Every structure is written in structure tokens, then in C-alpha cells.
Amino acid sequence: MKLTHFFASATAVVALTAGAAVAEPAIIYDLGGKFDKSFNEAAYTGAQRWANETGGKYLEIELSSEAQREQALRRFAERGANPIITTGFAMADPVNEVSADYPDTTFVNIDGWIPEIPSNVAMIAFEEHTGSYLVGMMAAMKSESGTVGFIGGMDVPLIRHFGCGYAQGVKAVNPDATIIANMTGTTPTAWNDPVKGGELAKAQIAQGADVVYAAAGGTGVGVLQAAADEGVYSIGVDKNQNHLHPGSVLTSMLKRVDVAVYDSLKAGDALTGGSMQVLGLAEDGVGYAMDENNASLVSDEMKAAVEAAKAKIISGEIEVTAYYTNDSCPVLDF
Amino acid sequence: MDRLPQWADVFLIPLISVLIAFAISGLVIVGIGEDPVVAVQTMISGALGSTYGWGYTLYYATNFIFTGLAVSVAFHARLFNIGGEGQALLGGLGVALVCLAVDWPHWLVALPVAMIAGALFGAAWAAVPAYLQAKRGSHIVITTIMFNFIAAALLNYVLVNHLKPPRAQDPSSARFPSGTNLPTFQDMFSTAETTLFRGAPVNITFFIALIACLLVWLLIWRTKLGYQIRSYGQSEPAAIYAGISPVRITMIAMLISGGLAGMMAINNVMGEAEKLVLNAVEGAGFIGIAVALMGRNHPVGVILAGFLFGFLVQGGAELQFTTSIPRDLIVVIQALVILFTGALDNMVRIPLAKLFTRKGGA
């Protein structure tokens, strides 16, 4: 009992001194976990880069229950952490709720959406549909069968957003192309089920797909593997996955969560909220990956066509419809 | 097997099992280079050292009590209901539909209706496997597990296509109107000077869970129906000979079980989240199995075991906040507790029984 008491007062002292010291930033990883080979891991990569460059330290937690969302935000805010970076759309609502109680703390949310953004909340969104549009174009140009595949993780609006942009890109090149779209599942395990991802990819390949785009977190590893085994092309997601199967991974749709986290950490106390920052092609927030692993797969005309489309999207000449606009996709049914 | 005194069976065996589980967990913590003493202190002070910690511990315990009771009731009829997860998900849907349907004037009006809806949806989800078991002999373990997946798919469909507010990224329902917000312990017990249970999600549902425990005890041990359920569970041929209908008992036991699992939703959906999220149940249905197993299918045991698992979840969260012990370790501790209290029960029981008979004989 005495020990517990001692410990309790010791933490109180630590908490007090921590509050007085220079604020450390904090990162809250969503339920998928820090090492999900995808979205959360990209956030971790960005944070590590900042820590290595500046020698700074940051607090972090991997959530393990829904009730911990608010709990973690409050705990870090009370410890004086600033800014507090959260990953995933599910954190948007808790951030919105909690931010009013801690006006001196800046909260960052990546991927979320809230109708009215409080002045101490910085929202970061990515234009996944435009990046997916470009890789969709590449898929259609590379496809010989005229049939391409899309494999999503969990069936949530965000993944439909990826698939919808991809489908528009495919149709822009080949209006008669067939797009086979499948979701891996309806539970969070769908983000980390490479076996099922591989099965779905094989099923799509059996139906004639010769390019398969995976937007499915860890599940995508199985999709890329199946495509390499069957001798067709695949497209990776979030980070550059070209190196996983050189010669089979056509390209990767980059979503620079790591850059967003790095920039937020670098801004530190200077970070301001109250607005939504949208990172698209112009900001290099999304894009397609080119490196030595896929250089031989992408012809110069393909590159030229995609670069032209990129410029037109940035200038507004091509408008890619976002799934969120009407909660539906003009060229693809899910 | 040797007989044990009841107190040893009910308290001593689980206690020793838990201690062994913690001892091995301690070794694992040493193995990853952390201090197990600090870890235990962090868990205890984090989960029980403040009203805030208690607020989270009791919140999780409330979930586990409902699902633990659900498994217990079915188990008295020797029906292994693995479908608490799906039944609680559907209960959440029922609660959400009620909360969103009308602009409720006061939670006192909304709560009874939400409770009934949650219980009805949960019971309805248990009814199909129960019917298949009673009439067709389809094994309840298999069908209830499968219904968990169907429930997840159904909820996904409803949330993504119907209940999600337009433009929102998160596949969750809109927030419930404030007339449905249940009073939390913070609202109930804080005084003007001191705030107790600050920010913690524990709410009035905790007391409803305790009442449910009492009602289940009355049902199982003090009513004719409870007697029939137990008789059927002990011996089906004897129950049939006594004029008890297996179909009727299977259906009733599973409906009550599903209803209890569905009622969990007033805690996590109505009380905590105040909206329906995709991942609302997050495994409580499965932990309920461990809770029932450890609690010997008795409401008092279920309360104690539910509390232990609530402690593990909240204590585990505190471990993450203050140390660099990863969240996976808490899963290891939980698994060890389940392993020792459930699967390796006899490892403690047999030596203990020998010890007791030797004492009795001497």
C-alpha cells in the first residue's frame, strides 16, 4: 500500500515537472497499431525521421479500445503534450469533442472530417482519388485484357474513395474497360488478411484482370504476392511498395502521411488549427512512385500521359469526382 | 475426482490461477527488459488508484458483466453461446435506432425503450441459431460463431449505406440527441468542490448490470424456469422424462442470453460513444466467455471476473501511457489468465484437492 502511495505521488511530481518543461509532442496511433505496414506505420516513419533529425522526443500510444480515444487525448493534453497528432478518421470526432477543454493544445487529425473545425484543431486530408486516378490510367494503359482489378481493405467510405478515383482513371484511358472491385471484409481484420487478399487477387485474375490495385493495408501484401505469382501486374498503396516484387509491381499510389506527420512535428508550437489542409498532387501529398524497380515497366508514353493528366488535374482542367461528394461513385458500384 | 470445499472451488482456484498467470506475465516483462514490479504498480494505481481509474475499470467491467451473464445463462442449459459478439453488435443497432428515431426529452424516457430495443435485437440475433439447434440439431457453437460475421457485415452495410451522415469519413451513425445521454458517475457523484470520475465513461448502466445479475440469480436458482433450464443442462433425457421440452428450453435460454448480450449496448453505445461505431463491441462478446468460465457461471463470479478483466484493460492502458511496455503485452496477460482459469483449471484443482483430502483424512 505504501509503495503504491509512493508511486502515485512520484507520478504526480513527474506530471508537474513535465507540464513545466518544454512540451513534447504526442502521437496516437489508431487501432490498427503502429506497425500495420501501411497508414499508421507511415505516421511512425515520419515521427522517427523528425526524432532522428532534431533529437526530439515524442510520446506515443497505440489504441486498443474505442473508449481509449478520448482517454488518450485527455491524458496527453493534461501531461502538456503539444501538438497531439492523431491518425485515422475515427479520431476526428473525439478530437472535436475534447479540443474545447484544452484550448492551449493543438490537435492534429489525419484523414478525418468534421463539419466545423475548432481553432486549435488542424485537419489534414489527402486527395486519394486524384493519386488513384493516375495509377488507374497506368493500369488501363498496361492492361492487355481490358480488365483491371481493385481490392479494398475494409468496406468504408475512404476505401471506396480510393476505388472510385482509380475507376475514373481507368475509364479515362479505356472507356470500355471492365473494373472488378472487391472488398476484403467488413471487420477490422480486413486490414491485415494477406491470405484473403491473395485469394481475391487470384479470383480477379481468373476473371481476366491483368493489373490489380490493392488499397488494403497489410492485406495488400498478399495481393501483390498473388499478382507476382500469376505473372500479372499489381499496384501498391500508401508507401512505395515497388521493391516488394520488382517487375510485377507496376507502381504505388503514394500517400505521404509520413510527410504530414513530419511537417506537423517540425512546426511544433507554431502549428495553427482551425482549418483543413488538403494535400493533393500539387503538394506532392499523393502521387505515383517511380524508381529503378518499375522503370522498365512504365513506358515513356505512359509517363507522358500520366504527367499530362497530373498537370490538368492540378490546373482544374480534369475534375476527378470524389466519392464523398454524393457518397457514390459515377463509374463504379460497390 | 476428489471433492473440494465450495469456497476453495469458487475462490481459491481462480485466485491461485490468476496469481500464476501474473507470475508468468512478470517473467515475460522481465524478458522484454522492463521492471515487473513497476508494471504491476502502474496497473494497480492506474486502474484503482483514482476515481478516474475506477471509472474506466468499472466501465469495461459493465460490458463484461453483461456478456458474461449472457454466456452463463446459456451455459446452464449446456448451450455454448459464442455469439455474444454479434448479439451485442445487433443490440447496439437496436439502441442506435431508438436513440436516433425521436428527439428524446429525457434519458429516463429513452433508457427503458433503448434497453428493450437492445435486448430484442440481441435476442432476435440469438433466435435463429437457437431455432436451428432446437429443431434441426445444427450445432450452436458453429452457428453462433457464423452469426458474428453476419452481424459485422450487416452493421457495416447499415452504417456505410444508411446511418452514416453524408460527407463523414467515419462509418458511424450521427451523434445521439442529448436527451439520450446517460448520467455518468461524474455527473452523479461529483460535488461542487471535487470532480470525481473525471472524464470516465462509467455510467448508470453499471447499476443496471448489477440488477441484471440479481435477476439472473433469481431466474436460475429461484424460479421454475430456472430449474427447468438447469435440469435440461444437467441431463437432457431426465429433463424430457420430467416433461421439459428441449425445444422450449433451448429457445428460451438462448433468447435470454442474446437479450443480455444485446443490453450491453446501453453501456458502450448509449453511455460511452453516444453514437454507433463499427467496432462498438471490440471483443467483449468473447471476453464474456472467459468471464463466465472464470465466474463459474454464477452472477457473483461473473461480477468478480468482469471486474478482473476490466482491471486488465484499464491497467493495460495505463501501462502504455506511462511505460514503454507495448499494448500486446496486455493481450499476453489476458491470454495467460484465460489459459490458467479456463483451460488449465485441473492443473491447480487436482493438487489442491489432494492437499485438502490429505488434511481431511489426517
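The values are calculated or read from the model by the stated rules, or taken from the named source; none is laboratory data. As the structure is a computational prediction, the values presented were derived from the model and not from experiment. So basically every Cβ, Gly included, is an ideal-geometry build from the backbone, and we count neighbours across all protein chains shown.
Here is how the numbers come out for the structure above:
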{"quantity": "Among (1) of a type in the set (A, V, I, L, M, F, W, C); (2) in contact with a Ser or Thr (Cβ under 8 Å, 6 or more places away or on another chain); (3) assigned by TED's automatic domain parsing to the domain that holds A:ASN40, the one test that A:ALA227 misses", "calculated": "(3)"}
{"quantity": "Counted residues, the stretch B:41-89 - those being part of a helix (DSSP H, G or I) and within 14 Å of another protein chain (Cβ to nearest Cβ)", "calculated": "26"}
{"quantity": "Residue list for the stretch A:67-82, restricted to those being more than 10 Å from every other protein chain (Cβ to nearest Cβ) and part of a helix (DSSP H, G or I)", "calculated": "A:ALA77"}
{"quantity": "Residues located in the stretch A:44-66, provided they are within 18 Å of the chain's Cα centre (by Cα), in a helix (DSSP H, G or I) and not hydrophobic (A, V, I, L, M, F, W, C)", "calculated": "A:TYR44, A:THR45, A:GLY46, A:GLN48, A:ARG49"}
{"quantity": "Candidate set from the stretch B:270-285 (those that are more than 10 Å from chain A (Cβ to nearest Cβ) and in contact with a Gly (Cβ under 7 Å, 6 or more places away or on another chain)); member that is farthest from B:ALA114 (Cα to Cα)", "calculated": "B:GLY285"}
{"quantity": "Among the candidates B:LEU308, B:LEU336, B:LEU319, residue that is crowded, with 20+ Cβ neighbours inside 10 Å, within 14 Å of chain A (Cβ to nearest Cβ), touching a helix residue (DSSP H, G or I) at 6+ places or on another chain (Cβ under 9 Å) and part of a helix (DSSP H, G or I)", "calculated": "B:LEU319"}
{"quantity": "Residue check, A:GLU116 assigned to a loop (DSSP other than H, G, I, E, B) and within 30 Å of A:GLY208 (Cβ to Cβ)", "calculated": "no"}
{"quantity": "Meets criteria (within 30 Å of A:GLY33 (Cα to Cα), without any contact (Cβ under 8 Å) to a residue 60 or more places away in the chain and out of contact with any strand residue (DSSP E or B) (no Cβ under 6 Å at 6 or more places or on another chain)) for A:THR184", "calculated": "no"}
{"quantity": "Unique residue being within 30 Å of A:SER64 (Cβ to Cβ) and more than 22 Å from the chain's Cα centre (by Cα) when the list is A:GLU144, A:GLU199", "calculated": "A:GLU199"}
{"quantity": "B:LEU219 within 25 Å of A:ASN96 (Cβ to Cβ) and surrounded by 14 or more Cβ atoms within 10 Å (Cβ to Cβ)", "calculated": "no"}
{"quantity": "Elements of type strands (runs of 3 or more DSSP E) contained in the stretch A:226-303, each with 2 or more residues being hydroxyl-bearing (Ser, Thr, Tyr) and surrounded by 16 or more Cβ atoms within 10 Å (Cβ to Cβ)", "calculated": "A:233-238, A:249-255"}
{"quantity": "Flag if B:MET347 is within 26 Å of B:ARG230 (Cβ to Cβ) and away from chain A (no Cβ under 11 Å)", "calculated": "no"}
{"quantity": "Residue in the stretch B:183-226 that is nearest to the other protein chains (Cβ to nearest Cβ), counting only those that are small (Gly, Ala, Ser) and without any contact (Cβ under 8 Å) to a residue 12 or more places away in the chain", "calculated": "B:SER190"}
{"quantity": "Options B:ALA168, B:ALA153: the member that is facing chain A (nearest Cβ under 8 Å) and buried (at least 20 other Cβ atoms within 10 Å of the Cβ)", "calculated": "B:ALA168"}
{"quantity": "Residue check for B:GLY271: closer than 28 Å to B:ALA96 by Cβ and touching a strand residue (DSSP E or B) at 6+ places or on another chain (Cβ under 6 Å)", "calculated": "yes"}
{"quantity": "Selection within the stretch B:2-39 - part of a helix (DSSP H, G or I), more than 23 Å from B:LYS354 (Cα to Cα) and acidic (Asp, Glu)", "calculated": "none"}
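Results for (1) in contact with a helix residue (DSSP H, G or I) (Cβ under 6 Å, 6 or more places away or on another chain); (2) not in a helix (DSSP H, G or I), shown as yes or no for each residue.
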site	(1), (2)
B:GLY94	yes, no
B:VAL98	yes, no
B:PRO105	yes, yes
B:ALA110	yes, no
B:ALA117	yes, no
B:PHE121	yes, no
B:ALA124	no, no
B:VAL128	no, no
B:ALA134	yes, no
